[in-house]
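These notes are about the structure you will find just below.
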Amino acid sequence: MELLYQYAWLIPVLPLMGATLIGLGLVFGNTVNQLRRASAGFLIALVGIAMIFSFAVLWSQIQGYAPYIRMIEWAVAGNFHLTMGYTIDRLTAMMLAIVTTVAFLVMIYSDGYMAHDPGYVRFYAYLSLFSSSMLGLVVSPNLVQIYIFWELVGMSSYLLIGFWYDRKAAADACQKAFVTNRVGDFGLLLGILALYWATGSFEFDVIGHRLQELIQSGSLSTALASFFAILVFLGPVAKSAQFPLHVWLPDAMEGPTPISALIHAATMVAAGVFLIARMFPVFEELPLAMNVIAWTGAFTAFMGATIAITQNDIKKGLAYSTISQLGYMVMAMGIGAYSAGLFHLMTHAYFKAMLFLCSGSVIHGMESVIGHHPTLAQDMRLMGGLRKHMPITATTFLIGTLAISGIPPFAGFWSKDEILSSAFAANPALWGVGWLTAGLTAFYMFRIYISTFEGEFRGHKAEIHQQLQTENLQNRGVFVGSESIHVQESAIESTPADPSHHAHTSHTEFPHESPLTMTLPLLILAVPSMLIGLVGTPFANYFEVFIHSSDTVMPDLLQGIEGFDWNEFLMMACPSVVIALLGIILALLMYWVRDINPAAIASRIQPLYSLSLNKWYIDDIYNVVFVQGSRRLARQVLEVDTKIVDGVVNIAGLATLVMGEGLKYLENGRAQFYALIIFGTVLGLVLLSAIG
């Protein structure tokens, strides 16, 4: 077992090595492009080996193997010592298994989804680099190393969101993601430096211990320590798309769907929650910081859910769902429910990856019917009835929908219920927000499912096509079919939503099921989406014992079922299930049975409807304040630069020119002339002295 841990550094290095080799092949030759499937197979194999290695590490931790850390001295300057290395503990083992599993399945799926894209090999190289960056972050033993891989994760996401960089929407989206994350990352960097200034260490446990000593001794105020912690929290706020830095994540849907699944399930957004978990020894002793974290998560969860209920783009609906679910995880961390937040991170990774891959399968099928339009192929108003034509995709999407809605015994029920139970014990107001959000989640997820897979297929209706195109061109309008809507997308573009399908998709009468390379990952992900929650049931919570224990063998918790308080469990679980069922029933009545008219409701609550449809106007506010404001400031600075700065420089240059022109006549090389100048100068000084 010691040998396994000594070579655990290979887990992040293997995908990095593959990305480097394939990347060099792309730069210096065309061989890898000619061997497309071989190049992809090579990278998939390396991630697969890393996955096997990760599960071996996870199994050893389950068996009670002690945490392992290996360090090398990286930089020394006087008393300053900076070390690098890797650490393996139970949190690391769990995250390694999640990241490698999702990355491996996404890479298999991508073979079918990106099969005809000219950037097929480049996409795989980016995926491998992205996976390596996240794995490196997971094994990092200190804040400096985490920050390095934190930035590599951000760079990789930038490359993948803007993968189709020739599309303006994709180019704008990756820039938006990059700039928004720079705000959070700057706060994280300031927080890291502030904590080092206060404690003299970058190690997580050491920082937490020394910070408490400084607070107890009066050397550091609690308010200042909390401020340092909140600065660090700004990093997760951006990476995990929490309010107010959440605006980049929905636009990130401009990237290929496989990368949307990887970002939303196991890499970019999971990095923020993971950092909070790593920094928990620092946060947990600072009540102010914990309250900020908890309420940020609660507000984000509610806001994301309220926006998701009016989305018509299937991927953007899932994107706001991710924002909401991440809010649950952050709220759990803020109330001290460390294991509950991580448990939801694990369950969410599997069912959200499956949901996004299902959406990619739907888009793949829709483009065979309606052609290549970036808005229409993802618009749920043109879908419907796909369950008959895409049964595997529909069934797995329904499993994911039940899981995220919190319906027992699916995975999401157990993790979400644990968060709500902890929230009720910590602060009933937080529980109320989470409980209401649970109902909204069930409503909008079943709205997505019904609009996509049930009823009549609407992709053939020419009048809907015409209406949607008119509304897109106007960027406003009311849908005359099943519900009232305002179109959020820009005008129809001529470029395909997914250029990967441009070369091979032919028009068919109805969408068709995706190939095996795309459906197999869906079927595999359906298994943990249904069953993995059973490892964290309140009456036999193996997950909590695993996360909180450091070096003990997992006990047989099933022996304790007889003494479990079922009344307390049912008192907390029943309200969350009831609100979820109410959300499902409302969605059924509105979008399947159609006993309730969504258009009538929208017209009665027009201000609230518009608030949701326009994403709480946050993007509009940011556009006015930051985008247009910075442009106005830039124009004013340009005026100052051209009229004042350039004016001063030009005057100085002119004065130098004039003086130079005048002085050159005085420098003629004649001694008599110089003597005359000296005589005149002396005479002038004498006259001035006499006058004075």
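The values are calculated or read from the model by the stated rules, or taken from the named source; none is laboratory data. Remember, predicted model here, so these are calculated numbers, not experimental data. Don't worry about glycine lacking a Cβ; one is built from the backbone with ideal geometry, like all the others, and counts go over all protein chains shown. Keep in mind that these areas ignore ligands, DNA and RNA; they rest on the heavy atoms of the full protein, side chains included. Shrake-Rupley method; radii C 1.70, N 1.55, O 1.52, S 1.80 Å.
Computed over protein heavy atoms with a 1.4 Å probe, the accessible surface of segment 94-181 works out to 24 Å² per residue. The modelled label-to-label distance between residue 66 and residue 665, using points 7 Å beyond Cα along the C-beta direction, is 9.2 nm.
Between residue 632 and residue 676, the contour length at 0.36 nm per residue exceeds the alpha carbon distance by 9.9 nm. In straight-distance terms, cross-link reach from residue 416 covers every one of the lysines whose alpha-carbon lies under 18 Å from its own, apart from those fewer than eight places away in the same chain; here that gives 352. The calculated FRET efficiency for residue 219 paired with residue 656, based on their beta-carbon distance and R0 = 60 Å, is about 0.60. Computed over protein heavy atoms with a 1.4 Å probe, the accessible surface of segment 571-629 works out to 58 Å² per residue.
Per residue, the solvent-accessible area of segment 338-449 (1.4 Å probe, heavy atoms of protein chains only, all protein chains present) comes to 19 Å². Taking only the Cα atoms of segment 578-640, the ratio Rg/Rh comes out at 1.36, with Rh defined as the Kirkwood radius. Positive contributions from Lys and Arg (+1) and negative ones from Asp and Glu (-1), summed over other residues with Cβ under 12 Å from the Cβ of residue 212, come out at -3. Using a 7 Å offset from Cα along Cα-Cβ at residue 625, what residues in segment 217-253 end up with backbone N under 15 Å from the label point? So the set is 243-248. Compute the FRET efficiency between residue 190 and residue 395 as 1/(1 + (r/R0)^6), taking r as their Cβ-Cβ distance and R0 = 41 Å, and round to the nearest 0.05. For R0 = 41 Å, the calculated efficiency reads 0.30.
For the chain, what % of the accessible area comes from carbon and sulfur atoms, probe 1.4 Å?
68 percent
May I ask for the net charge around residue 410, where only other residues with Cβ less than 12 Å from the Cβ of residue 410 are counted and Lys, Arg are +1 while Asp, Glu are -1? Local charge sum for residue 410: 0. Considering only the other residues whose Cβ falls under 15 Å of the Cβ of residue 140, what net charge follows from Lys and Arg at +1 and Asp and Glu at -1? Net charge around residue 140: -1.
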